[in-house]
Every structure is written in structure tokens, then in C-alpha cells.
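Asker: Quick one: the structure is below, questions incoming.
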Amino acid sequence: MRVVVTFPKLRRRFLRFMRAYIAFLWAGALISFSMMFVYALRGLPAPAITYLTAAAFFTTSGMMYSELHDEIRKTRFSVYWRFFSRYSPPLGGYAVLHILTGLIFIVADLLKGGYAPVALALILKGVFEHSLQGAVENLKAASVLYHETINGELDRLALKDPFK
């Protein structure tokens, strides 16, 4: 008996999500660079340095996720579970940290002013990271099932109850 297994929508949706996230990161870097120049021209060094740091952060994140996107596109679906298990840093591992940092910048914006764009960008980055973490977990599970089904070893899988 022949078994046909496909997960086309899951992979395509994940790659589209990654492209949207990468576009957001580059837009965040561009906005941060723009704000840095505005504050530098006004002669305000503290916000200029803050936005310079944010621009560097979004630029490095954009480069890292662009490289990851290229690697994922080249990787076969059946080995995604191994790829994501070895990948470091953990995807979505810093989501809560980004959101909390964004909230701190909101407080700074209320007290001093001028930090709302970086606060909003950090909170959105945290939301993207959290969504990315869930998508990666779904891809890993689907990849394991696909790999075991293709190899004919589906009967050797042991599903554990996480609530036991």
C-alpha cells in the first residue's frame, strides 16, 4: 500500500511568515536609523544613541533571519525537526524579553518622550518571535511525522502525554 503525505501549506505559510518578519526587521532598522539622524541633528545624544542601538539590533536580527530563511528554503522538509533542534539561538526564546523591554520604553516615552517608535517596534518584535516559536514547533512535529511515514517507521513512534 502506498502512503502519500503532504504538508505544503504549513511550509509555505511558515516561509511567508518569515519573509514578513524579515521585512518588519528591515523596516524597524530603517526607522531607527532615521530617528537616530533626527535626534543627532537636534543635538540630543541620549535618544540618538538609543536609536543607534535599536538600529544595530534590528539590522543584525534582519541579517540573521535572512540567512535562516535561505537555509530553511534549501533544507528538505523531512529534516526540519533536526535542523530546528540544533539551531541556536532558540527561535522565539526572547519574545517575553522584547515585550518587557518595549514596555520599559513606553514608560520612558511617558516620562521623557521620543521613545514610542522603538517601544512599538520591540513589542511587535516580541509578538513576531512568539508566533515564530509556535510555527517552528508545528513544523518540527509535522517534519517528524513526515520523516517517519516516508521511512515506513511510523509504528515505532511513541507519542507521550505531556500532561501525565
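The values are calculated or read from the model by the stated rules, or taken from the named source; none is laboratory data. If you're wondering where the values come from, they're calculated on a predicted model, not measured in any experiment. With ideal geometry, Cβ positions are generated from the backbone for all residues, glycine too; neighbour counts draw on all protein chains shown.
Asker: What is the one condition in (1) within 17 Å of Ala142 (Cβ to Cβ); (2) of a type outside the set (Ser, Thr, Tyr); (3) in contact with a helix residue (DSSP H, G or I) (Cβ under 8 Å, 6 or more places away or on another chain); (4) surrounded by fewer than 17 Cβ atoms within 10 Å (Cβ to Cβ) that Glu71 does not satisfy?
Answerer: Unmet for Glu71, out of (1) within 17 Å of Ala142 (Cβ to Cβ); (2) of a type outside the set (Ser, Thr, Tyr); (3) in contact with a helix residue (DSSP H, G or I) (Cβ under 8 Å, 6 or more places away or on another chain); (4) surrounded by fewer than 17 Cβ atoms within 10 Å (Cβ to Cβ): (1).
Asker: So Ile99 passes all but one of these: (1) at pLDDT 90 or above; (2) touching a Ser or Thr at 6+ places or on another chain (Cβ under 9 Å). Which condition number does it fail?
Answerer: (2)
Asker: Could you list, in sequence order, all residues of segment 31-43 that are surrounded by fewer than 20 Cβ atoms within 10 Å (Cβ to Cβ) and either touching a residue at least 24 places away in the same chain (Cβ under 8 Å) or touching a helix residue (DSSP H, G or I) at 6+ places or on another chain (Cβ under 7 Å) (or both)? So that I can check it myself, show each step before the final result.
Answerer: The first filter runs over segment 31-43 and keeps only residues surrounded by fewer than 20 Cβ atoms within 10 Å (Cβ to Cβ), leaving 31, 33-34, 37-43.
Hits for segment 31-43 are Ile31, Phe33, Tyr39, Ala40.
Asker: Looking at segment 51-65 only, could you name the residues that are loosely packed, with under 15 Cβ neighbours inside 10 Å and hydroxyl-bearing (Ser, Thr, Tyr)?
Answerer: Of the residues in segment 51-65, the ones loosely packed, with under 15 Cβ neighbours inside 10 Å are 53, 56, 60, 63-64.
Those that are loosely packed, with under 15 Cβ neighbours inside 10 Å and hydroxyl-bearing (Ser, Thr, Tyr): Thr53, Thr60.
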